[in-house]
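Asks: Quick one: the structure is below, and I'll ask about it shortly.
The values are calculated or read from the model by the stated rules, or taken from the named source; none is laboratory data. Every value quoted in this text rests on a predicted model; they were computed, and no experiment measured them. Here the Cβ positions follow ideal geometry from the backbone for every residue, glycine too, while neighbour counts run over all protein chains shown.
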Amino acid sequence: MLVYVLKRVGSSLLLLALISILIFMALRLLPGDPTTFSLAQGDGVSPEALEKMRRDLGLDQPLLVQYWNWISGVVVGDFGFSYFSNFPVSLLIAQRLPATVTLAGAALALAIAIAVPVAVVPLWLRSVWLERITNVFVALGLATPVFVIGILLVLFFANFLNLFTGSGYAAFTDNPAAALGFLVLPAFTLSLAIAPQLVRYLQGSIRSVAAATFVRTARGKGIGWGRTVSNHIVPNALLPALTSLGITVGSLLGGSVVVEAVFAWPGLGQLVVDAVAKRDYAVIQAIVLLAAAAFVVVTLIVDLLYGVLDPRLRVSTNRARAPRFGDTTITKESSV
Amino acid sequence: MARSKSKRHVLMGTLAAFAVVVLAACATSDGTPEASTDSIAEESAQNRVVTVGQNPGISQLNPNVSTLSSERVMWNLLWDGLTTQSEGTEVQPELATEWTTSEDGLTWTFSLREDVTFHDGRAFVADDVVKTIMFVLEPENASPQRSKLNNVVNVVALDDATVELTLDVATPQLPAALVDVKIFDVDNSDTINETGNGTGPFVLEGFVPDQELSVLPNENYWGEVPVIEGIKVVKYADQVAARAALESGTIDIIWSVAFDQVSSLIEAGLTTVVPQNPSQASAFVLDNASPPFDDPRARQALSYAIDRVTMQAVAFGGLGELNFGSTLVSPKNEYFAPDEVIDYSYDLDKAKELFNEAGVVEGTTLLCWAGDMAPQYRAQCEVLQQSLAEIGITLDIEVNEGSTWAARFYPAGKEYGGLIVPNYLSREPAPLPFVVSYFGVDGWSETNWPANAEYEDVKARVKSVTATEDIRSAFADFQRITSEEQPVVVVMNVAQPSISRPDLGGLWMEFNGTIHVEGAVIQ
């Protein structure tokens, strides 16, 4: 188990190192740099000013030096400064992180609350028609861009029904009621974007578990269908669906960028969109790396958790050395 | 029994979820449960925090290094200048009470207010003016205000309440040049984004870069203390989100509304805020130093090929003033000289003839290089594409995000021959002399136009003359030269409007698009 954990942690760190190189290089390949944005609307900016700006930002140094300066800071928790506000990137992230975590957490909870009944009820009722209807809505949900869902919800619930606030943000610590009012529509939008994926994973998992022999045995013993579903199929189907959590986190992060834009939600998504527009390298690099790290860590935790819950996976890494038909004979012969 | 207990849990959970949703729906933006219509009306009649929605946001607070027009909204909230501009474009005293100039016009003496303090309580003195102006003049600080003060060679504090500026060339419009130079705490400029320490009518309450700026009235302000409870400037991702927020009452003002949205917003009962004397111009920027637009005939041909009327209708929602003379002086400006400019009304025959003379023949392909910041850029390219197709010239269109767009032709000196760049230029209106500095020696125009000796002479005249007739004559020559040479091809003069809720008063906009909300009142 220790070897398995170490290998997974090592491969995760390697992956993060590769991502850091990739994002660093990709940004340098984009046309323009932070000085472009500063100059674009400034009157009479001199070549000396441009040179100084590039020097101050370290952009006059070789790429390898720039990368080393950045990554060596990241290792000790220093993500650098925004080229525009001069605020530490860690502060900018700290300012925005609560909003994104609130949104993503609420959306995930809502998505699970939507996905589980949608996947289970057709099976429970053994209704083919209900499953078909569900599939149509799932396909629709997968095909509809999240910003379209967001704008439609704003138009209907905020502008037409006047039920919720269309945009804005308040912290729960400052004003819980207002915070909830602001949260409902963006969280619902994001949940609608990820719930169809969860439904698909659950449906696939439920189908394979429903066909398992222990389900047949349970039915053969006279257990009712409802109890078979709730006590045997669903609990066993949730375990494989755990693996989708890593991918769901990726979708959450991607979707939150769009949802934050539609609802003026002051989270990391908006921060990174602004930073990309301005080529604020330090901010973009830090957020992308942290998002990748979140994705990798969740995947790692899920893998490890899965390994704990399903012992077969713990020994799977030793499969190459596991005795196989015919191998034993060779080993014996060679030992002789 | 177990099943009924489970059902009860499900039922209770459903009811709890419903209660949460109802509570959320009833919560207003300030967190209080939604009140009756009467109490809402009562609240709106009272003073409250005014919220401005805009895109892009405010990245930093130093008014003397600011480069984004969206940051200008905070200039008049947190800061004061020596001088200020009135709604009628007249220059008035602000931190300076009065000023005098020597007979040769080279020495200016400003008397300062003595009852002014910074937000941190420190007294404002002449040394603050000296340090601010020195900061602006330092080339490495990249201050956008520097180009207006490039004739200042020395600045000294004569005493705590008097400042003297020495110039190398007489500059009658120096007080106007100082309007945008906001006095700040230079010694503590490294903490400016945390303190916003100025002398303005509002003090900083909170600042999240590119997201939200909130300010409160400065109770110790030397002038009239603002009557509203505060101002928030909130960044919106796009026009659709901002409009939805305005219509639902979350924000009170949208700064810089897309042209195609304006008419429907007015129909919805909202109010526009536009400058009295707009100087902003929609123009096509060309590389005047590279083929084919290094030939003035090619630039003139392009000017004739622009269907300004269609462009106004399609790209600008019918707003603005068409500029057939194609110069940076608006036809509505009192110094506009119609007899000096060429009439570039839509004429494809002339365009074709001039293009041929310049070697731009049928089958040539050009590229319209648009930014995605404003929808009118693409629309302008499309109108031009149709016109040029009629004379056998292909115009490809590329739309890029802001930095990619700007990196192709900013700063001055870059080669981008064959590109036609729709842009939005904000230059000061005549008789302010700063527009002439855009071109020629010491100019920063990205058009790379090699201005001739005559232009430099006109530039010097525009900057130094004081009599109205002399100003008129100098500006007439400026228009004649730039209309002939077409360093930029101007389409029209149009101000990017802002929109406010009808119950807001006291808002106005400078000619360059800077919105003034410091005097906002709820009516």
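Asks: Would you point out which residue out of A:A261, A:A282 is at pLDDT below 85, within 14 Å of chain B (Cβ to nearest Cβ) and in a helix (DSSP H, G or I)?
Replies: Step by step, each of A:A261, A:A282 is checked, and only A:A261 is at pLDDT below 85, within 14 Å of chain B (Cβ to nearest Cβ) and in a helix (DSSP H, G or I).
Asks: Can I ask one more? So, in segment B:131-158, how many residues would count as being touching a residue at least 12 places away in the same chain (Cβ under 8 Å) and either within 14 Å of another protein chain (Cβ to nearest Cβ) or surrounded by fewer than 17 Cβ atoms within 10 Å (Cβ to Cβ) (or both)?
Replies: Qualifying residue count, segment B:131-158: 19.
Asks: Looking only at segment A:132-156, how many residues end up being among the basic types (K, R) and under 24 Å from the mean Cα position of the chain (by Cα)?
Replies: Summing the residues that are among the basic types (K, R) and under 24 Å from the mean Cα position of the chain (by Cα) in segment A:132-156 gives 0.
Asks: Further, regarding this structure: Just for segment A:162-196: of the residues that are aliphatic (A, V, I, L, M) and more than 9 Å from chain B (Cβ to nearest Cβ), which one is nearest to the chain's Cα centre (by Cα)?
Replies: That would be A:I194.
Asks: Would you check which residues across segment B:155-188 are out of contact with any strand residue (DSSP E or B) (no Cβ under 8 Å at 6 or more places or on another chain) and assigned to a strand (DSSP E or B) and list them?
Replies: Scanning segment B:155-188 gives a single hit, B:D159.
Asks: Moving to a separate point now. For segment B:159-171, which positions are within 22 Å of B:E138 (Cβ to Cβ) and loosely packed, with under 14 Cβ neighbours inside 10 Å?
Replies: Scanning segment B:159-171 gives B:D168, B:V169.
Asks: Let me ask you something else. Which residues, counting only those in segment A:85-120, are under 18 Å from A:P235 (Cα atoms) and in contact with an Asp or Glu (Cβ under 9 Å, 6 or more places away or on another chain)?
Replies: Of everything in segment A:85-120, nothing turns out to be under 18 Å from A:P235 (Cα atoms) and in contact with an Asp or Glu (Cβ under 9 Å, 6 or more places away or on another chain).
Asks: Turning to a different aspect of this structure: Could you count how many residues in segment B:165-188 are touching a Gly at 6+ places or on another chain (Cβ under 8 Å) and either modelled with pLDDT of 90 or more or closer than 20 Å to B:V125 by Cα (or both)?
Replies: Summing the residues that are touching a Gly at 6+ places or on another chain (Cβ under 8 Å) and either modelled with pLDDT of 90 or more or closer than 20 Å to B:V125 by Cα (or both) in segment B:165-188 gives 9.
Asks: Residues in segment B:189-219 that are in contact with a Gly (Cβ under 8 Å, 6 or more places away or on another chain) and either at pLDDT below 95 or not in a loop (DSSP other than H, G, I, E, B) (or both): how many?
Replies: Total meeting the criteria: 14.
Asks: Let me ask something additional. Does B:A389 satisfy the criteria of being modelled with pLDDT of 90 or more, touching a strand residue (DSSP E or B) at 6+ places or on another chain (Cβ under 8 Å) and part of a helix (DSSP H, G or I)?
Replies: Yes: the conditions hold for B:A389.
Asks: Please determine whether any residue of segment B:251-274 is hydrophobic (A, V, I, L, M, F, W, C), part of a strand (DSSP E or B), under 30 Å from A:L163 (Cβ atoms) and at pLDDT 85 or above.
Replies: Yes.
Asks: Looking only at segment B:218-244, which residues are farther than 15 Å from A:Q270 by Cβ, surrounded by 22 or more Cβ atoms within 10 Å (Cβ to Cβ) and either facing chain A (nearest Cβ under 10 Å) or of a type in the set (F, W, Y) (or both)?
Replies: Within segment B:218-244, B:R243, B:A244 qualify.
Asks: While we're here: For segment A:92-118, enumerate the residues that are touching a Gly at 6+ places or on another chain (Cβ under 6 Å), of a type outside the set (K, R) and within 11 Å of chain B (Cβ to nearest Cβ).
Replies: Answer for segment A:92-118, where residues must be touching a Gly at 6+ places or on another chain (Cβ under 6 Å), of a type outside the set (K, R) and within 11 Å of chain B (Cβ to nearest Cβ): just A:A99.
Asks: So B:R461 clears everything in (1) of a type outside the set (G, A, S); (2) on the phi < 0 side of the Ramachandran plot; (3) not in a helix (DSSP H, G or I) except one condition, right? Which one?
Replies: (3)
Okay, residues lined up against (1) more than 12 Å from chain B (Cβ to nearest Cβ); (2) closer than 18 Å to A:V288 by Cα; (3) free of Cβ contacts under 8 Å to residues at least 12 places away in the same chain; (4) of a type in the set (S, T, N, Q):
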site	(1), (2), (3), (4)
A:V3	yes, no, no, no
A:V9	yes, no, no, no
A:S12	yes, yes, no, yes
A:F24	yes, yes, no, no
A:T36	no, no, no, yes
A:G58	yes, no, yes, no
A:G77	yes, yes, no, no
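Asks: How do the pairs read when you match residues in segment B:161-173 that are outside the structural domain of B:F110 (by TED's automatic domain parsing) with residues anywhere that are among the hydroxyl-bearing types (S, T, Y) and part of a loop (DSSP other than H, G, I, E, B), using Cβ under 6 Å and keeping only pairs 6 or more apart or on different chains?
Replies: Pairs that qualify, where the first residue is outside the structural domain of B:F110 (by TED's automatic domain parsing) and the partner is among the hydroxyl-bearing types (S, T, Y) and part of a loop (DSSP other than H, G, I, E, B): there are none.
Asks: Any residue at all in segment B:282-300 that is in contact with a Ser or Thr (Cβ under 7 Å, 6 or more places away or on another chain), assigned to a helix (DSSP H, G or I) and in contact (Cβ under 8 Å) with a residue 40 or more places away in the chain?
Replies: No, the conditions are met nowhere in segment B:282-300.
Asks: Considering only residues of segment A:264-279 that are within 18 Å of the chain's Cα centre (by Cα) and β-branched (V, I, T), which is nearest to the other protein chains (Cβ to nearest Cβ)?
Replies: That would be A:V273.
Quick grid of which residues meet (1) touching a Gly at 6+ places or on another chain (Cβ under 9 Å); (2) closer than 23 Å to A:V199 by Cβ:
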{"site": "A:V136", "(1), (2)": "no, yes"}
{"site": "A:V146", "(1), (2)": "yes, yes"}
{"site": "A:F160", "(1), (2)": "no, no"}
{"site": "A:F164", "(1), (2)": "yes, no"}
{"site": "A:G168", "(1), (2)": "yes, no"}
{"site": "A:A171", "(1), (2)": "no, no"}
{"site": "A:N175", "(1), (2)": "yes, no"}
{"site": "A:A179", "(1), (2)": "yes, no"}
{"site": "A:L185", "(1), (2)": "yes, yes"}
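Asks: If we scan segment B:108-124, do we find a residue that is crowded, with 22+ Cβ neighbours inside 10 Å, without any contact (Cβ under 8 Å) to a residue 60 or more places away in the chain and not hydrophobic (A, V, I, L, M, F, W, C)?
Replies: No, the conditions are met nowhere in segment B:108-124.
Asks: Of the conditions (1) within 14 Å of another protein chain (Cβ to nearest Cβ); (2) closer than 20 Å to B:S326 by Cβ, B:Y455 satisfies every one except a single condition; which number is it?
Replies: Exception for B:Y455: condition (1).
Asks: Sort out which residues of segment A:193-243 are basic (K, R) and free of Cβ contacts under 8 Å to residues at least 60 places away in the same chain, and write them in order of number.
Replies: Of everything in segment A:193-243, those that are basic (K, R) and free of Cβ contacts under 8 Å to residues at least 60 places away in the same chain turn out to be A:R207, A:R216, A:R219, A:K221, A:R227.
Asks: Spot the failing condition for A:L202; the list is (1) of a type in the set (A, V, I, L, M); (2) part of a loop (DSSP other than H, G, I, E, B); (3) away from chain B (no Cβ under 14 Å), and only one is missed.
Replies: Here A:L202 clears every test but (2).
Asks: Checking the structure you have, find out if any residue of segment A:66-82 is assigned to a loop (DSSP other than H, G, I, E, B) and more than 26 Å from the chain's Cα centre (by Cα).
Replies: no
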